[in-house]
Amino acid sequence: AFHEAGRHLDDLNRALRQVSDTIADYGRLYASFDRLHLAVITRVEDPLNVLVPEISLLAQSIFLQLFKSVQMDLYALISEREQSETFGYASAAGISFLRELEGMQRPDYAYSAR
């Protein structure tokens with residue numbers, strides 16, 4: 001639904017541009033403010049992790065318009081306790097996301113979007 005309805009991506013784009021402008025406004029208070037560190041934090045079993053590459057790519061392209069360097073880090077939180085009803089689903093989603101991350105870290109990985 002996120003990909004099919006273009007307005008969601010437009011809303012996200014608009015929100016990230018507002019964040020970028022706000023950060024840049026605060027940066028005017030400092031003599032040198034050209035580097036931005038962005039941390040993405042998610043739980044491994046979250047089904048919305050399928051959007052992490054799109055959101056990260058969009059954020060990086062927007063922030064690179066105002067900053068010389070954008071460094072991105074991803075923190076994936078793993079829950080080690082068993083949840084009786086959702087344990088199987090959470091474990092499968094978590095393993096799937098970690099395998100996807102492993103593929104993204106390969107040197108030949110490429111991702112592009114409009």
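Remarks
- For segment 62-77, the set of residues classified as part of a loop (DSSP other than H, G, I, E, B) and surrounded by 15 or more Cβ atoms within 10 Å (Cβ to Cβ) consists of 66, 67, listed by residue number.
- Restricting attention to segment 33-61 and to residues that are of a type in the set (D, E, K, R) and surrounded by fewer than 15 Cβ atoms within 10 Å (Cβ to Cβ), the residue that is nearest to residue 75 (Cα to Cα) turns out to be 35.
The numbers here are math on the coordinates, done by the rules we state, and not lab data. This structure is a prediction, so every number in the text was calculated from the model and none was measured. Cβ sites come from the backbone with ideal geometry, for glycine too, and all protein chains shown count toward neighbours.
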